[in-house]
Amino acid sequence: MNAQLSQAAIKVTNLVKRRETKLLKSFLAISGINLEIAEGVTYGLVGPNGAGKTTTIKLLLGLLKPDGGEIKVLGKPAGEHEALRRIGFLPESPYFYSHLTGREYLTFTGQLFGMQGPALQNRIGELLHLVSMENKAEERTGTYSKGMLQRLGMAAALVNDPDLLFLDEPMSGLDPLGRMDMRKIIIALKEKGKTIFFNSHLLPDVAHLCDKVGVLSQGKLTAEDDLLSITPERNATVLEEYFLSHIEA
């Protein structure tokens, strides 16, 4: 998809969010971010721990309210139901009901979107195949490994066939095989024209998957560029140098 001809899936203007420390001291978690992401683009937001990456995703989803600025997601204010129905979200540490099987959990998730009957079960079958969980679908999620839970979380994020997908550290806790499989899933979604926004500190994955990269440091977007402008060869070492050069001390 040509980003220049497509509409903005995400548009953020002068975004500000204040948070409090445990000592109740206020600080700027997000400071004046401006961001525009076209439909069909895979955007990687990178930054050190505590930079504000997860806070940014929560603001875009409407889970947190900004203290200043404006957020539009799929043309609607962040958190509006009309937009949320077209969004999928995989948090860094998704919660599962341990007594449910994988299939039961996906059925529950689909029902939250008003899906039911054969159409829902067919969709679940497609997703279990996509995330390579068909042989574990009838087992309780309480018995799943971290990697299996991450795969199930991805399937749940995709149950409504979203146009826009938010992934918070999608490779977190995965072994090399799990990371490779997650990459394949994201690539398949890219080929379908999905817009993907994900946080990560794993720069090789960002280099391999992203169309555009933003560097977040101490709540500020200190750099942003097309990935191929940074490194046409998608070289993770070059991306690391770019990242380190734009981190504020």
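If the condition is being touching a His at 6+ places or on another chain (Cβ under 7 Å) and of a type in the set (Lys, Arg), then segment 212-236 contributes only Arg234.
Could you tell me whether segment 180-188 includes any residue that is part of a loop (DSSP other than H, G, I, E, B), outside the structural domain of Gln116 (by TED's automatic domain parsing) and touching a residue at least 12 places away in the same chain (Cβ under 8 Å)?
The initial filter retains those residues of segment 180-188 that are part of a loop (DSSP other than H, G, I, E, B), namely none.
No, segment 180-188 contains no residue that is part of a loop (DSSP other than H, G, I, E, B), outside the structural domain of Gln116 (by TED's automatic domain parsing) and touching a residue at least 12 places away in the same chain (Cβ under 8 Å).
Among the residues of segment 51-104, those that are in the same structural domain as Thr222 (by TED's automatic domain parsing), over 16 Å from the mean Cα position of the chain (by Cα), not in a loop (DSSP other than H, G, I, E, B) and not basic (Lys, Arg) comprise Gly68, Gly69, Glu70, Ile71, Pro77, His81, Glu82. The residues listed here are Leu120, Leu128, Leu158; of these, the one that is over 21 Å from Ser172 (Cα atoms) and aliphatic (A, V, I, L, M) is Leu120.
Residues of segment 111-125 that are assigned to a helix (DSSP H, G or I) and farther than 13 Å from Met154 by Cα: Gln111, Leu112, Gly117, Pro118, Ala119, Leu120, Gln121, Asn122, Arg123, Gly125.
The values are calculated or read from the model by the stated rules, or taken from the named source; none is laboratory data. Since the model is a prediction, treat every value here as computed from it, not as a measurement. When we count neighbours, we look across all protein chains shown, and the Cβ atoms used for this are built from the backbone with ideal geometry, even at glycine.
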